[in-house]
Each structure stands twice: as C-alpha cells, then as structure tokens.
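Just so you know, all these numbers are worked out from the coordinates, no wet-lab data involved. Remember, it's a predicted structure, so these values are computed and weren't measured experimentally. Neighbour counts run over all protein chains shown; Cβ positions are idealised from the backbone, glycine included.
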Amino acid sequence: MLDIQLIRKQPDDVKRRLNQRGTDYTSVIDEILSIDEQRRLAETERQKLQSDRNRISKEIGIAKKNGQDTSAIEAEVRGIGTRIDEIGREADALDVRQRDIMLGLPNMPHEACPVGASSEENPEVRTWGSKPDFTFQPKDHISLATSLGLIDFEAGIKISGSAFIVYRGQGAKLERALLNFLLDLHTTQHGYTEVAVPHLVKPECLVGTGQLPKFDDQLYKCERDNLYLIPTAEVPVTNLHREEIVATDKLPIKYAGYTPCFRSEAGAAGVGTRGMIRMHQFDKVELVKITTPETSFAELEDLTADAEKVLQLLGLHYRVIELCTGDIGFGSTKTYDIEVWAPGQNGYLEVSSCSNFGNFQARRMNLRYKPEGEKKTVFCHTLNGSGTALARLYVALLETYQQADGSIAIPPALQPYFHAEKIG
RNA sequence: GGAGAGAUGGCUGAGUGGUCGAAAGCACAUCUUUGCUAAAGAUGCGUAGCCUUACCGCUACCGAGGGUUCGAAUCCCUCUCUCUCCGCCA
C-alpha cells in the first residue's frame, strides 16, 4: 500500500511513477485525493461532536452527584449522539472506500527501475556459464523423465487433472535431494533460518503480501473454512511478523522455507504449459528478508546472489535480467529474474524472481521497527526471492545433464544428497 | 465434537456505569547523588488518526464486531482466539 501522505504531498510524482507501469493511474489518484479530503472533513466534524459529547456528559455526571435535574441537558446530548452516528457512518464509508482503492493500487517502481512497456524491454544484467554443447540431439524433459520412469504425467492427470504430476522412484528421490540441497545451502552457507510453515493461510495474510484483494482468481480457496492454499511461501513466511514491532537488533531477519505452491493459473492454459513448466502445484524453496529501509537494496543484491549460487553449484547456465517498469510485479519496487537455460526447450526458464517490496507489504501487514534513538516506529522493508523453484530447476537439470545413452548425470554438488552419480 | 476458565499498555497485574488512556510493580530512557563492574532518588515512557508551520489541542483504541445509556474497560448479544479436562485421531 502506498503512503497517503505521499500521495497528498506529491500527487504528480506518484502519478508519474505509477504510470511507468503502462497503465494510466491519473484518475485513480485524483479519486483517492478527493475521497481523502471528504473523509478528513467528516472525520474532523465527528471528532468535534464527540468532544462536545464527552464534555457535556461529564458535566451531567457532576450535576447528578449534586442532585440537580439533568433531563434537558440529556436531551441535548442525545441530539449530538444522533449527529455523531450520521457523520460517523459517512466517515466510515469513505474510509472503507479509500482503503479498497488503495489496496488495489500497485507499488511504485524504484526510480532506478528501467522504464519499459513489456518483458521485451527487460535488460539483461549478467550471465553465468554457457549453453552446453551436445554431440547428439538433446531431448526435452518430458521424454527424458518418461523414459526413465521419473515422472508419471498420466497419473497426475488421473488423480488431480491436467497440470499435476506424480514423481516416482528415482524421480521422487531427485526432487527430495534438490530440496535438501537447497535448504542446506541457504541455512549453512547464506545465514538463513529455516522455517516450515502452514500451507493454508487466512485471507488477511494474502492481503498483507498483496495477492488479495486483486488476484483472488489465481488462488485456491477452501470456502468452508475461509482459508487459502498458499501460492508461494512468501505469504506465510513474510506474515510471520505481521502486526509486529520487531526489535532493531533482530534486523535483517532472513528466512528460508520450503513449501509446495498452489496456483490456479486461471487463463494461463495453452502455450508453454506442456510438461512440468507450469503446474497447479510445485515445490519451491523461498528466501524472505525483513530489513530496514537503509539496507534493503543491498540486501536484494545479496539475496539474488544467494539464489544464483544454487545454479552455479549445479553447473547450470543462467542469465539475470532486471524487470522493467512495464513488467514488474504488483507489489515490487525492483525485481531481478533469474532464468536458467533448458536445452530441451531451447530457451530460458524463470526459476527465481527476487524482489524488494520497499514498505509496500509492511504497510499492508503493519510490520514496523523502532530505529535506535527514535521515538516513531518505521515500516520495515520486505524482500523475497525463490531459492529456487524446484520443477523448473528439475527440467534444466535433466535437459542439461542428459547423456548420449539416455542417462542423466548428477552434478557433484548434488551427489551427497542423491547418493548416486547418475540416473539410468 | 462436549464442559469449563480466560483475553487490559513491552511484561506482570488492579479496575463491575461518570474527570480511566486506565493503579501498582517490572523493564526501558534521561538526569541527580553515592560510588565502582552496582544502589538510591527524580522525571519520562502505548498505538493510530484529526487539526496545526510548529507548539498546544482534540478523537479513537482495555481480543473483534454490534447493542443499551446523556456517558461503557465496566452491563447485554454475537464472533474469534488461548488455556484446562473429556471424546476422537496421524
């Protein structure tokens, strides 16, 4: 959520920066300002009336003690009460309306965020490694995983429908090995605390991280219990500190957590959904940081490097791109995507998206800290990035390490977890 | 699922209709004094909003939401959560 004070003070600046996303927010900001002004007028009036009522009610109390008749003055206060109800309803309605609009408003891209209209204009920041050469025609992960019996695509469809898969045998073990490798790397080498969190969350958590109210159709919901399946561990992990004033010496807080992720992917069916590249359920290790405003952008660089380390250790070629203003996510102010090379796709797959949300999420979940020597609390900055998504990492691994005889080599870093040098 | 108890400021914990935003203690901050790895005293110390250049001031908040009343932490209703016991269960 944006700061209403900032919108009031620098509306043109806010409009300019939001409009860089490629949508015109001019009229929305004007509407917010108009509602805000009406709201404050009503609020001031209400408070004045409440003040009157408090004062007179106290006088009544005193008069009654002295045995005086107060019926006339009580009638007067009753009238004030009626007016408080009226003006109060108006103020509350305006407040709700203002909040609803504010919750639907995206974050402002950072000033340094590259301006662009779409993903076409995302600049490449750096690359690591190179595309592997094959002496044979490389296969894609679908045929590799099927012929080696690692993944049963039909079984996934049978029990849950399309875009669900079943890992079997060595295939299931490979997924488990990757998970352990990732969690161990981040917790022992990068200083993250491992957390295992619920996979079902209350709606307010999703409001906190920004998925609600706007992206309700992308989520699986358990209607009867009013709980949602998490689309990413970002939601429960960041919300661990919702409504808190965290101690300054605890910052930065760094969490690594594995969870499955559930996404309905409404409207995403069709192109690019074959195999295991886009699924309704996939595993992911997520990195989350809660920091002070001063350090968040440096922490973003570190977080991205932590995610890159995964691909480096596994020997997978990748590139890092920065998302331009037209492609950046709803709550983010700056985002790096890490894309791994998948030979069977002849293309790059996004395995991590590392973002700094500034205080956008912190405002929504009221997450603050009190700086040393300051009286006022300040909103924290929140960051997260995949470290990394498992399914696409799995794809890149199979396709990169496939051998001429159809087997899959296991990179050395993963062997202590997989307990074998190859599959097949 | 059944029965009971509870929810007050960073913590402990008073407060059952009228200067209660809330006693007291602890913790914390500043200062003073005595001194030496501490003690005593003084003062301050919740959050948010409105109004203000600022100061001042005002309003709301005692789990949440309604209600009664001139006036609610306090009375009534609904809900949520926590704890204890029973049942069921991986």
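Protection proxy ranking, highest mean first, for peptides A:170-178, A:84-92, A:128-136: A:170-178, A:84-92, A:128-136, where packing is the per-residue count of other beta-carbon atoms within 10 Å, averaged. Near A:Glu265: Cβ cut-off under 12 Å, other residues only, Lys/Arg at +1 and Asp/Glu at -1. The net charge is +1. Across all C-alpha atoms in chain A, the radius of gyration and Dmax reach 26.9, 105 Å.
Give, in whole angstrom and from largest to smallest, the semi-axes √(5λ) of the equivalent ellipsoid of region A:123-224, with λ running over the eigenvalues of the Cα gyration tensor.
Values: eigenvalues 193, 114, 63 Å².
One finds semi-axes of 31, 24, 18 Å for region A:123-224.
Using Cβ point charges alone (K and R +1, D and E -1), the dipole size of chain A about the Cα centre works out to roughly 820 debye.
Would you calculate the convex hull of the Cα atoms in region A:1-119 and tell me its volume per residue in Å³?
Values: hull volume 12.2 nm³, N = 119.
About 102 Å³ per residue, rounded to a whole number.
Taken one residue at a time, the phi angles of region A:380-397 give Karplus couplings (6.51, -1.76, 1.60, θ = phi - 60°) of 6, 9, 10, 9, 7, x, 6, x, 10, 5, 7, 4, 6, 5, 4, 4, 4, 5 Hz. Gly and Pro are set to x.
Using the Karplus relation 6.51 cos²θ - 1.76 cosθ + 1.60 with θ = phi - 60°, the per-residue 3J(HN,Hα) values for region A:95-105 come to 5, 4, 5, 4, 5, 4, 5, 4, 5, x, 8 Hz, with x marking Gly and Pro. For chain A, the longest principal axis of the alpha carbon atoms and the long axis of helix A:26-65 meet at an angle near 40°.
Rounded to whole numbers, the Karplus 3J(HN,Hα) couplings from phi for region A:239-253 are 6, 4, 10, 4, 6, 10, 10, 7, 5, 4, 6, 7, 8, x, 8 Hz, using 6.51 cos²θ - 1.76 cosθ + 1.60 with θ = phi - 60°, and x at Gly and Pro.
Could you work out the mean projected area of the convex hull around the alpha carbons of region A:265-424, in square nanometres to one decimal? Spell out each step's value before the answer.
Working: hull surface 48.1 nm².
Seen from a random direction, the Cα hull of region A:265-424 projects 12.0 nm² on average.
Dipole check for region A:1-94: with +1 at the C-beta of Lys and Arg, -1 at the C-beta of Asp and Glu, and the Cα centre as origin, the magnitude is about 340 Debye. For A:Ser353, the residues 5 or more places off, or on other chains, whose built amide H falls under 5 Å of its own are A:Ile338, A:Ser386.
When the charge dipole of chain A is built from unit charges on Cβ atoms (+1 for Lys and Arg, -1 for Asp and Glu) and taken about the Cα centre, the candidate among A:Ser407, A:Cys205, A:Val395 whose Cα reaches farthest toward its positive end is A:Cys205. Less than 5 angstrom separates the built amide H of A:Cys261 from those of A:Phe282, A:Asp283, A:Lys284, all sequence-distant by 5 or more or on a different chain.
Within region A:106-181, the ratio Rg/Rh, alpha carbon atoms throughout and Rh by Kirkwood, equals 1.16.
Report, for chain A, the % of DSSP beta bridges that are antiparallel, rounded to 5.
Working: 48 of 53 bridges.
Counting DSSP beta bridges with both partners in chain A, the antiparallel share is about 90 percent.
Applying Stokes-Einstein at 37 °C and 0.692 mPa s to the Kirkwood radius of region A:263-345, computed over alpha-carbon pairs, gives a translational diffusion coefficient of 214 µm² s⁻¹.
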